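As structure tokens, the structure follows; a few thoughts come after it.
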Amino acid sequence: MRIFFIVVIFIGLISCTPTSTRDYSFIEGSALTVTVEKQDNGLWLAHYVFAEPQTAMILSRSRNDYRTQSWKSLDPNASFERINGFDAFLFENPTTNVSFEFKPYTGRIYQDYSPFIPFSDGGVAIYAGQFEALSVTDRAAIEELQGDIYNWQGQQGQLAVRILSAAPMIENGEIVTGEALDISTGGGGYIYVGNAKITEGKDFTGVIDPGLPNWLRERFDDDLTLIFDGFRELWGASLAQKSTVLFSFRGYQGQGFSNKGGVFGSMLTLDMSGSALRTEDKGTLHATHWFFAHEAAHLFQGIGGLHPSPSHHAWISEGGANALANHVLTHQNLVDEAYIVSDYSRKYAQCTAYLQTGKLSNASAQGKFEVPYACGDIMAQITDGALQDHSLFDFWNAMPTHAGDETGYSTDLYFDTMRILGAPQSIILGLQKIAHEQLDDPATLLTELMEQSGLAPKFDNTGKLIALKLP
Ligand SMILES: [Zn+2]
């Protein structure tokens, strides 16, 4: 009997050894600490420790339903469910510790960051924000949120995500081993895990996917520097620190090409795929440069420390990044006039078609995510043209200095800054109408504002924009 008892203890100790050496401890100051690691069975583990005992939680980034298929609770006290648009944890008894096992989701999520971005050599970039959970009381409280995160009224605490790995990791531009940390409130960045070579570029440190086509990989450093040089010159400022770039290639599948980017402080993620990338051609190169410049614009928009505009006013940050990108690409001779005209022609058609049926501030909620990019780009060029003594770069420089209590790029800050920099009242009122109201005749209003701000638009007899002059 006694021997049996000792043997059991002995086995228990042996089987505990691999996990007992791992650090799942709570990180002081966080509301929740999530420790993430790949297990021997190929699945990943997310171990949550909460500062306070919880009865239920929602995952704040629940934009599509991928977790129902891939997440499983390892704790009999806890269940994982999808409730009215939110992925949720429900606990039978209040708890501070719970573990889940999951298969990483590497797909793209429209208008959210990919949870895991795969690199072609087996490395992976892990998005810390995918683990963000917010406190709720119970199932009924989750149902009441109606799938809209803006209905959640709690006080959001800090999220600490700890990645454990034997492979090298990149945390805030530094290579670390064993453990990498990402601490955020309402955001989170990417941590790269893998054995890829770290590239030291002129303007970045990072991982460039070895699977990227040669023509693109070889010129990336020079192209990015050309774009950054343009921003530095036109913005009149530099980034506080060298950026970290995680550039992945998902392969040649799919027609044309597609890309997805993200900016997290000084980190830039770029992710491309598609059959058009097999060969270098002018159109693909223009579009690639535009993609780099748009994402670089977001890095510069972050200089003043303000958050991007909220999704119902995405036209400010996203349209602004589009317009800033086109100015930089033109300034650096990376695109020609024909490209610019065809780009704005397409955006004008896209923007006016939508505004005939819906409000710009509702576009994202209706799934028309491309609309704020299109309308916002034209609105930014109108803003630029309306400012006689200032460029669009000056305008973006000025917004943080006039922000006062504002923490992000709001419509109030946008229009106040226009006023301060001397834009005519009629143009400000016109843009405010587009930002907030349902319009009777959006094409006429947009055309009038383009004319008033000196963009000199010309149309053919079908109403297609065929010429314009950028400020
Ligand atoms: Zn963007």
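The values are calculated or read from the model by the stated rules, or taken from the named source; none is laboratory data. Just so you know, these numbers come straight off a predicted model, no measurement behind them. Every residue, glycine among them, receives a Cβ derived from its backbone with ideal geometry; neighbour counts consider all protein chains shown.
Okay, here's what the table says:
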| item | result |
| --- | --- |
| Among the candidates T244, T177, T185, residue that is closer than 26 Å to W290 by Cβ and not assigned by TED's automatic domain parsing to the domain that holds V328 | T244 |
| Count - residues of region 297-330 that are hydroxyl-bearing (S, T, Y) and more than 23 Å from H436 (Cα to Cα) | 1 |
| Hits in region 251-266 - residues which are away from the ligand (no atom under 14 Å from the Cβ) and either outside any strand (DSSP E or B) or among the aliphatic types (A, V, I, L, M) (or both) | G251, Y252, Q253, G254, Q255, G256, F257, G265, S266 |
| Residue, nearest to F204 (Cα to Cα), within region 267-288, restricted to residues that are part of a helix (DSSP H, G or I) and within 16 Å of the ligand (Cβ to nearest atom) | T288 |
| Flag if A287 is more than 22 Å from M399 (Cβ to Cβ), touching a residue at least 12 places away in the same chain (Cβ under 8 Å) and in contact with a Ser or Thr (Cβ under 9 Å, 6 or more places away or on another chain) | no |
| Qualifying residues in region 263-283 (those that are at pLDDT below 90 and either surrounded by 16 or more Cβ atoms within 10 Å (Cβ to Cβ) or in contact with a strand residue (DSSP E or B) (Cβ under 6 Å, 6 or more places away or on another chain) (or both)) - the one farthest from D121 (Cα to Cα) | G265 |
| Matching entry among D384, D394 (being surrounded by fewer than 18 Cβ atoms within 10 Å (Cβ to Cβ), in contact (Cβ under 8 Å) with a residue 24 or more places away in the chain and charged (D, E, K, R)) | D394 |
| Region 299-349 - residue that is free of Cβ contacts under 8 Å to residues at least 60 places away in the same chain and more than 16 Å from the ligand (Cβ to nearest atom) and, of those, farthest from L224 (Cα to Cα) | R346 |
| Of all residues making up region 455-466, the number that are part of a loop (DSSP other than H, G, I, E, B) and either buried (at least 16 other Cβ atoms within 10 Å of the Cβ) or polar (S, T, N, Q) (or both) | 4 |
| Single match in S238, S248 (criterion: away from the ligand (no atom under 16 Å from the Cβ), touching a residue at least 60 places away in the same chain (Cβ under 8 Å) and more than 23 Å from S309 (Cβ to Cβ)) | S248 |
